Amino acid sequence: MPLEDAKTFQRVLATKGVRAELDHNGQTCTRGCTVTVEVLIPEVSLPVVQDTMREQYQKLTEGLPVDWSRLNEVYDPQKGEATCPACGTQFSTTSKECPDCGLCF
């Protein structure tokens, strides 16, 4: 998760009594212009974290047109073309990232 988003998420979880730890993993995280970290939480807190993520998603998408049918799109690298489930852009499967919105596959 991007560092600033992770810090915000950590603060929101703290208000709900969940302690989240931010950690840098050299295999999964990045440094430089876009710093990413892993967010570690106790497994018993998973239901609270899921509810919080759902709430945050609803806030982010409130008032935006969402085509729910796109959520069923599957990225199949064996096919020549894919449709991004996030934005609907069609692109070649030689790319592992949507050229329009940047969603990684």
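The values are calculated or read from the model by the stated rules, or taken from the named source; none is laboratory data. Bear in mind that the values here come from a model prediction, so they are computed numbers and not experimental data. Note: ideal-geometry Cβ built from the backbone for every residue, glycine included; neighbour counts use all protein chains shown.
Residues are listed down the side, and each one gets a yes or a no for (1) under 16 Å from LEU103 (Cβ atoms); (2) modelled with pLDDT under 85; (3) over 17 Å from the mean Cα position of the chain (by Cα); (4) exposed (fewer than 13 other Cβ atoms within 10 Å of the Cβ):
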site	(1), (2), (3), (4)
THR28	no, yes, no, yes
LEU40	no, no, no, yes
SER45	no, no, yes, no
LYS59	no, no, no, yes
PRO65	no, yes, yes, yes
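Quick check, is THR15 of a type in the set (Ser, Thr, Tyr), at pLDDT 90 or above, surrounded by fewer than 11 Cβ atoms within 10 Å (Cβ to Cβ) and over 22 Å from ALA86 (Cα atoms)?
Taking the combined requirement at face value, the residue satisfies it.
Can you run down the residue pairs with Cβ atoms below 8 Å, 6 or more apart or on separate chains, where the first is in the range 52-80 and in contact (Cβ under 8 Å) with a residue 12 or more places away in the chain and the partner is part of a loop (DSSP other than H, G, I, E, B) and of a type in the set (D, E, K, R)?
What qualifies is THR52/LYS16.
Conditions (1) basic (Lys, Arg); (2) over 16 Å from ASP5 (Cβ atoms), marked per residue:
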residue	(1), (2)
VAL49	no, no
LYS59	yes, no
PRO65	no, yes
THR83	no, yes
GLY88	no, yes
PHE91	no, yes
GLU97	no, yes
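Return the only residue of GLY63, GLY102, GLY88, GLY32 being assigned to a loop (DSSP other than H, G, I, E, B), touching a helix residue (DSSP H, G or I) at 6+ places or on another chain (Cβ under 9 Å) and small (Gly, Ala, Ser).
None of the others qualify; the one that does is GLY88.
For SER45, which of the numbered conditions (1) within 21 Å of ASP5 (Cβ to Cβ); (2) in a loop (DSSP other than H, G, I, E, B); (3) of a type in the set (Gly, Ala, Ser) fails to hold?
Only one criterion is unmet by SER45, namely (2).
Filter the range 71-86 down to the residues that are surrounded by 10 or more Cβ atoms within 10 Å (Cβ to Cβ) and of a type in the set (S, T, N, Q) and list them by number.
THR83
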